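Asks: I'd like to ask some things about the structure below.
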Amino acid sequence: MGTLNWQNNPDPAVSKVVQGMINQHFVFMGRSSTIAMFYTGYGVTLIFVLLLITALLWVAGNHTDNRPLINKLLALLFSFLCLFAVTEFIYFFLFAASFSFLAAVLTGIAMIRIRKTNSPN
């Protein structure tokens, strides 16, 4: 949601900064750019990353018959989501980090449950 409406802020001081991000153009890698373009592009890219993670977890949930592969995939996603949560906590805010941390915890629980069903009793 923040990606789609970050430029709309009622605070005049914030609006002044946002307008500077939108209006100040510079050439980067041969293209005229603004900080606003980078900021928006980063947000849209993260939407796609989160959709990819969702799709990977969905597929993993339907293919637990290949447990070694699923365990590796879940371990990678667990690590990524933990790092994602830490990065969000440091550079953004607790609310975003909380959701990423929750996703990491749930991924870790799924990984443990799949391993338990795989081990002989």
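Asks: Before we move on, is residue 69 at pLDDT below 90, over 20 Å from residue 88 (Cα atoms) and within 23 Å of the chain's Cα centre (by Cα)?
Replies: Values: at pLDDT below 90: yes; over 20 Å from residue 88 (Cα atoms): yes; within 23 Å of the chain's Cα centre (by Cα): yes.
Yes.
Asks: Return the residue satisfying two criteria in turn: it lies in the range 80-121 and is part of a helix (DSSP H, G or I) and aromatic (Phe, Trp, Tyr), and of such residues it is nearest to residue 46 (Cα to Cα).
Replies: For the range 80-121, the residue satisfying everything is 84.
Asks: Restricting the search to the range 88-103, which residues are at pLDDT below 90 and either small (Gly, Ala, Ser) or touching a strand residue (DSSP E or B) at 6+ places or on another chain (Cβ under 7 Å) (or both)?
Replies: 96
Asks: Here are some conditions: (1) over 30 Å from residue 22 (Cα atoms); (2) of a type outside the set (Gly, Ala, Ser); (3) free of Cβ contacts under 8 Å to residues at least 24 places away in the same chain. Residue 87 meets all but one. Which one does it not meet?
Replies: All conditions pass for residue 87, except number (1).
Asks: A further question follows. Filter the range 1-39 down to the residues that are assigned to a loop (DSSP other than H, G, I, E, B) and touching a helix residue (DSSP H, G or I) at 6+ places or on another chain (Cβ under 8 Å) and list them by number.
Replies: Within the range 1-39, 6, 7, 9, 24, 34 qualify.
Asks: Return the residue satisfying two criteria in turn: it lies in the range 29-87 and is outside the structural domain of residue 104 (by TED's automatic domain parsing) and in contact with a His (Cβ under 8 Å, 6 or more places away or on another chain), and of such residues it is farthest from residue 109 (Cα to Cα).
Replies: Step by step, filter the range 29-87, then rank; the result is 32.
The values are calculated or read from the model by the stated rules, or taken from the named source; none is laboratory data. Quick caveat: nothing in here was measured; it's all calculated off a predicted structure. Please note: Cβ atoms are built from the backbone with ideal geometry, for glycine as well, and neighbour counts cover all protein chains shown.
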